[in-house]
Each structure stands twice: as C-alpha cells, then as structure tokens.
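These notes are about the structure you will find just below.
The values are calculated or read from the model by the stated rules, or taken from the named source; none is laboratory data. As the structure is a computational prediction, the values presented were derived from the model and not from experiment. Every residue, glycine among them, receives a Cβ derived from its backbone with ideal geometry; neighbour counts consider all protein chains shown. Please note that ligands, DNA and RNA were not included when accessible areas were found on the heavy atoms of the full protein model with its side chains. Shrake-Rupley method; radii C 1.70, N 1.55, O 1.52, S 1.80 Å.
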Amino acid sequence: MDASCDLEVDVNGEETFFIHEKIISSYCGKIRKLFGKSKGPTKNLKVIFNDFPGGPESFELVSRFCYNKGKIVINPYTSPRLFRAAHYMEMNETVSGSHNLLEKTEKSLEEIKFWSWIELLSALKYVAISSKILQTCLDSLVARLVFAELSLSCPSISSPESSALRLSTDSKSTESGQTRFLRSTWWFEDLVNVLTPDLVKPLVKSIIFHKFDHGVTSRFLVYYHKSRFITASPEEKREITETVIDSLCLLDQNSNSNSNSVSCKNLFGILRVSSNLNISKISKNNLERMIGSRLDQATLDDLLVPSPHGSNYLYDVNLVLRLVKYFLVGKGGGGGSCLAGKSGGEVAVCDMKKVTRLIDLYVAEVAPDPRLKPYKFLALLKILPECSRDSYDEMYHAINIYLQVHMGLSDEEKTNICASLNYDKLSSEICNHLMQNEKFPSKITKLALKAQQVNLENLFLDIDIQKRFALPPCETEIKDGRHGQVVLYAKQVVPHGGKMDIVNENEKMRAHLEGMQWRVVELEKVCKKMQAQMTKILKSRLSRQNSAKSLPRLCS
C-alpha cells in the first residue's frame with residue numbers, strides 16, 4: 001500500500017480501496033463534501049459505501065478516471081456503470097478543461113439504440129431501474145426481437161445484426177414445428193440470466209407497446225419462473241412468482257379478446273407452486289381470474305389441487321368454486337343465467353357445456369371424501385346454471401356416491417342435495433335406478449316418478465297431434481295459367497302432367513304412425529311397471545319403519 005494514500009474506501013463490504021483523497025475529491029463532489037470542511041492534514045480517513053451502484057468494479061473505473069486526469073475509454077460495456085457511478089459520486093463538474101464524467105457517459109448512452117444484442121444485455125446489469133436509460137435499453141432489446149420475428153416470417157429480410165441474434169434467414173417451408181419453436185425462443189436463456197425480477201414487468205410493458213408476440217412472451221415468463229425458481233430463497237421465490245403473475249396478467253389484459261396468449265396448463269403449474277408462498281392477495285386473485293377465464297381448457301387433473309395446509313378435506317373445493325365464478329363472470333353468466341343471446345352466444349354456450357362436463361367429473365371425484373361437508377358438496381352441484389346440462393345422469397351418479405359415503409346425513413341435508421337434480425333431464429334407466437335407491441328420500445323418488453309421468457303425457461300428446469295432422473291436407477283447386485287446366489294441390493303445387501305418388505306417401509305415413517303407436521304401448525308398459533315398483537318400494541319402506549318402531553330401543 002502506498003504510504004501517501006490517505007483515504008480508505010469500503011465498497012459495499014466487498015472490497016477496500018486505498019486512494020489519495022485529494023485526487024478523488026477533485027472530481028467527486030460527494031468526497032469533496034465529506035472532507036471539504038476538515039482543517040489541516042488528516043490521516044486514517046475512511047469512507048464506507050453500502051449501496052455503491054455496480055459494486056467494486058464500478059468504483060475502480062471511477063478511480064481510474066480520476067487518476068488519469070479525466071481520461072477513460074467509454075464504450076457500451078462501461079458507460080452504463082460509469083453513468084450510475086458518476087451520479088452517485090456527483091461527478092458533474094468540469095476539471096482542468098476536460099468534460100465531466102457524467103456528461104461523457106450521457107453522450108455515449110445516446111447511441112444505445114445502435115448497440116448490439118450482447119452490448120444491450122451487458123447494459124441491463126448496471127442500468128438503474130428508475131432511469132430513462134433503462135426504457136431506451138429495453139425498447140432496443142424488444143426492437144431486436146420484433147426484427148427477429150419478422151425475419152422468421154419473411155426469409156428475405158436479412159442484415160449483419162441477424163447473425164448476431166443467432167438467427168438464420170434461410171427458412172424453408174419444410175421446417176419442423178419444433179425447429180421453428182426453438183428459433184422463436186432463442187432469446188429466453190439470455191434474458192433469464194440478466195433480468196432481475198424488478199426488470200421483468202418493464203420489459204413486458206415494452207413488449208406490449210411494440211406489439212411483440214404475446215404467446216411467445218407468455219412462454220418466456222413461464223420459462224423465467226421455472227429457471228429462477230429452482231435456486232431462489234423462499235422470499236425470492238415469492239417475489240419471482242408475484243412478478244410473473246402480474247406480468248402475465250398485464251399481458252392478458254392487453255391481448256386480443258380472441259387471443260389465448262397464456263396457457264391454462266402453465267397457469268395451473270404456477271398456482272400449484274405458489275400455494276405455500278404466501279403471495280399477495282392481488283397476485284392470487286389475478287392468477288385465479290386468468291385461470292377461470294379459460295376454464296374450458298382445463299382437465300380434471302388440473303382441478304385436483306390438494307387442499308391448503310391445515311384444511312381437513314382432500315381437494316381444494318373452494319378454489320374450484322372461485323374458478324367457476326370467474327368463468328361465469330367472464331362469459332357473461334355471472335348471475336347463473338343462460339348464456340344464449342349474449343355476445344358470441346354459441347361459443348359461450350359451447351364453453352359452458354365443456355366446463356359443466358368437467359365439473360361433473362370433479363364432483364364425482366371429490367364425492368367419496370368423507371370430510372367433504374354437505375354444504376360444500378351442494379355448492380358444487382349448484383354452481384352452474386341449469387341450462388348448461390342436457391343430462392343430469394352424471395350428477396346423479398356423484399350424489400349416489402356421496403350418499404353412500406356420508407351415511408349420517410339428516411333427511412333435510414339429503415333432500416337439499418337430491419333437489420339439485422332436474423328429473424326431466426334424467427334418462428329412464430337412471431330414473432328406474434333412483435326409484436329403487438333406498439339412499440334417496442321417499443319424497444324425491446315420488447318427484448322423479450311424477451316427472452317421468454309428465455314426460456310420458458307430453459309424449460302422448462305430441463303423438464296425438466301428429467295423428468291428427470298426419471293425413472294429407474285438403475286438396476285445393478288451382479288453375480294452371482299456362483294451360484288453363486285445373487290441377488290438384490296436395491302438400492305442394494304440381495304442374496299439370498307432373499308425377500306424385502300420393503299412395504306411396506300415405507303408406508310411409510301409416511308405417512310411421514304404426515311405429516309410434518308401438519312405442520306408446522311400450523312406454524305405457526314401462527310406466528305401469530315403474531308405478532308398480534314405486535308402490536312396492538313405498539310399502540316396503542313403510543313396513544320397515546313400522547317394524548322398527550315395535551322393536552325395543554336397544555334392538556333398533
């Protein structure tokens with residue numbers, strides 16, 4: 001150590017420098033203010049910087065500038081570091097006719113839009129979050145990505161910069177999907193290595209502004225989450241997860257209404273790893289809203305999320321209920337109403353039916369859980385509007401399983417659960433099974449029988465109407481204007497001389513009626529059989545109840 005070095009500088013606790021206070025003070029306003037008021041010679045001076053931007057490497061660059069009388073090579077790799085360090089050290093004065101360091105670095109940074117991809121990545125490590133330079137740097141990076149995307153879609157576009165981006169412009173029509181995917185994601189690893197979590201959202205904002213591919217961007221965000229999550233501390237994992245969720249949400253909000261930039265499967269993946277991270281309520285709601293809006297793309301495995309720590313039931317039923325509510329709000333059916341007539345009604349109804357099939361599978365999966373409370377099970381049964389189901393057979397199976405497992409339910413609880421069924425939308429096989437199912441309350445089996453009787457009566461009425469109007473309509477005389485002759489009209493106007501086999505039509509109609517009459521006979525038999533079974537079941541139950549009353553208390 002030079003004995004004349006009278007100033008010891010501790011930089012962020014990482015490294016210590018011994019320098020001349022007078023030399024440094026001549027260029028650095030911060031040092032000059034610290035020691036300008038001291039009188040006479042001083043020894044053993046020490047300064048501790050706990051937040052020096054860029055760390056020891058940047059302080060060393062500043063020291064070289066001062067010792068070389070304001071001369072230093074400024075290039076894309078050093079200018080971002082020197083700019084931040086110059087701000088921190090207040091190096092904004094001209095000394096001995098030379099330009100100050102802050103002014104020199106500002107001029108260098110004006111050329112940032114012409115820097116190469118590698119130079120921009122290097123700059124990101126040192127650019128301050130709040131500075132205008134960061135936005136310029138990110139915009140330049142995204143501009144390279146937009147150019148690369150154009151190069152993929154337009155092979156004729158080429159430039160020296162494209163080779164630096166590791167892109168080939170000689171795309172062929174026979175290129176495989178996997179190869180093209182790799183060509184569109186070449187930049188993922190580069191940005192994962194340099195982007196801190198607080199830089200991710202500004203990057204996404206720049207991507208949205210420049211209208212870069214949202215689908216590729218969402219895949220990058222998922223890749224970023226997986227890559228950084230592995231080695232992060234618990235607190236860093238929470239920060240990374242919240243950043244990625246908020247960025248995906250921002251991307252989703254600025255996507256086309258018909259665009260599907262974020263994969264439902266990837267969102268469920270993030271949801272699973274975030275369950276024990278205590279992420280913010282805003283991020284949690286954003287994630288669930290995004291999943292709910294695309295619930296029609298989910299699978300049963302996606303929905304089978306384990307219940308939160310401390311819960312006493314197997315799967316997170318509350319989560320599924322929230323997701324369905326978000327789906328209904330997104331599709332315009334938040335009030336439980338049918339979606340027909342809404343904007344994009346046919347698509348909305350189709351999506352609704354997909355979700356209904358999915359929820360029916362989920363209900364059957366969670367029904368055997370002995371810890372699932374009746375009110376939660378009932379909430380699952382009633383969460384979707386009635387119009388979304390063409391058949392209630394699957395719901396019946398789920399209820400049957402639940403009643404088998406939960407033997408201790410009260411009659412009121414059983415009745416409330418069974419009342420979720422629409423008996424008009426049960427098949428005859430299921431109705432027959434229901435009426436023999438002793439787990440169902442007697443009043444419910446009566447309702448099922450009554451619904452089937454009403455259906456039969458309506459069917460008979462329809463058949464009777466068809467019988468009345470099955471014969472050809474009265475023949476009507478009309479006059480053929482071309483020949484002045486009278487022709488017969490039966491079902492349609494036939495030109496004079498045309499052929500119409502009315503006998504054949506009548507034979508077809510008679511055969512059709514005979515077939516329907518046979519079906520009516522069969523349905524009547526089924527109805528009588530169902531009534532007999534119902535009477536037998538009710539008598540059997542009543543008999544058991546009376547015999548149970550006559551037994552001693554201990555035997556009952």
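Take the conditions out of contact with any Lys or Arg (no Cβ under 7 Å at 6 or more places or on another chain) and at pLDDT 90 or above and apply them to Leu82. Does it pass? Spelling it out, Leu82 is indeed out of contact with any Lys or Arg (no Cβ under 7 Å at 6 or more places or on another chain) and at pLDDT 90 or above.
For segment 69-125, residues that are more than 40 Å from the chain's Cα centre (by Cα), of a type outside the set (D, E, K, R) and outside any helix (DSSP H, G or I) total 15.
Scanning segment 285-312 for residues that are assigned to a helix (DSSP H, G or I), small (Gly, Ala, Ser) and open to solvent by 30 Å² or more (accessible area, probe 1.4 Å) returns a single hit, Ser293. How many of the residues in segment 353-389 are open to solvent by 50 Å² or more (accessible area, probe 1.4 Å), part of a loop (DSSP other than H, G, I, E, B) and basic (Lys, Arg)? Count: 2.
Looking across segment 1-16 at every residue that is crowded, with 17+ Cβ neighbours inside 10 Å and not acidic (Asp, Glu), the one that is modelled with the lowest pLDDT is identified as Leu7.
For the structure I just gave you, tell me whether Ser420 is within 25 Å of Arg322 (Cα to Cα), at pLDDT below 95 and polar (S, T, N, Q). Yes: the conditions hold for Ser420. For segment 180-190, residues that are assigned to a helix (DSSP H, G or I) and open to solvent by 20 Å² or more (accessible area, probe 1.4 Å) total 7.
Taken over segment 395-415, the residue count meeting the criterion of being crowded, with 17+ Cβ neighbours inside 10 Å, not aliphatic (A, V, I, L, M) and not in a loop (DSSP other than H, G, I, E, B) is 5.
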